[in-house]
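Only one structure is covered here, and it is reproduced in the block below.
The values are calculated or read from the model by the stated rules, or taken from the named source; none is laboratory data. This is a predicted model, so every value here is computed, not measured. All Cβ positions, even for glycine, are placed from backbone atoms using ideal geometry, and neighbour counts span all protein chains on display. Surface accessibility is based on the protein's heavy atoms, side chains included, excluding ligands, DNA and RNA. Shrake-Rupley method; radii C 1.70, N 1.55, O 1.52, S 1.80 Å.
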Amino acid sequence: DIQMTQSPSSLSASVGDRVTITCRASQSIRSYLNWYQQKPGKAPKLLIYTASSLQSGVPSRFSGSGSGTDFTLTISSLQPEDFATYYCQQSYSNPRTFGQGTKVEIK
Amino acid sequence: QVQLQESGPGLVKPSQTLSLTCTVSGGSISSGSYYWNWIRQPAGKGLEWIGRFYTSGSTNYNPSLKSRVTISVDTSKNQFSLKLSSVTAADTAVYYCAREMGIAASIDYWGQGTLVTVSS
């Protein structure tokens, strides 16, 4: 199985801050990396697919980059509705695997 | 707009079989290049992929659960189902059904999730 490791596990930030979350794969997954946002009691929501493509309807303050084993999700200016948990997921091979999540909290 | 809705018992006894159904609306389950997935999330923990089937009929399962999992489809009802046998307390989780885009291989539609508790 491909292991996905996110860092940090949690962070505190203020509205307007630039936030960066990293995800590392245990082997190359090319660009088969997706990012999801999950709010308490809700299903995850797709933000970024294939490492850097913005899902329709997702604000442009979200962006993704990377390939191979190292990936980044960036929120350029954190908004109140962005406080949530973020997961990366590899879709290069089965079994699909997710990172452990990064909880973004209000400072 | 595609919508997915999980249904099934919220309480299952240890050693029994967990059975859930996902009803898809807004699109046919047998058309397009989509994979139909089951994913679960224990309370306060991360996401675990259970398995999926493709419209061609092929299935993929997580090896950690493969011996206990069956995913099947009923195209006449536009539904797909999950069966997980010999459950224990460790199988207590919110279970999600979800659609994976074939080309981008990302999950673009999720059900709201259903909590299944394994307890006697």
- Task: Scan region A:31-54 for residues that are part of a loop (DSSP other than H, G, I, E, B) and not aliphatic (A, V, I, L, M) and jot them down.
- Result: A:Ser31, A:Tyr32, A:Lys39, A:Pro40, A:Gly41, A:Lys42, A:Pro44, A:Thr50, A:Ser52
- Scan region A:23-57 for residues that are open to solvent by less than 50 Å² (accessible area, probe 1.4 Å) and away from chain B (no Cβ under 11 Å) and jot them down. A:Cys23, A:Ala25, A:Gln37
- Message: So in region B:102-120, with the set limited to residues that are open to solvent by 40 Å² or more (accessible area, probe 1.4 Å) and touching a strand residue (DSSP E or B) at 6+ places or on another chain (Cβ under 8 Å), which one is nearest to the other protein chains (Cβ to nearest Cβ)?
- Response: B:Gln112
- Task: Restrict the check to region B:59-68 and report whether at least one residue is in a strand (DSSP E or B), surrounded by 12 or more Cβ atoms within 10 Å (Cβ to Cβ) and more than 11 Å from chain A (Cβ to nearest Cβ).
- Result: no
- Item | Conditions (1) closer than 21 Å to A:Glu81 by Cα; (2) part of a loop (DSSP other than H, G, I, E, B); (3) not β-branched (Val, Ile, Thr); number of the one not met by A:Gln27 | (1)
- Which condition does B:Trp49 not pass, out of (1) open to solvent by 20 Å² or more (accessible area, probe 1.4 Å); (2) without any contact (Cβ under 8 Å) to a residue 24 or more places away in the chain; (3) not polar (S, T, N, Q), if it passes all the others? (1)
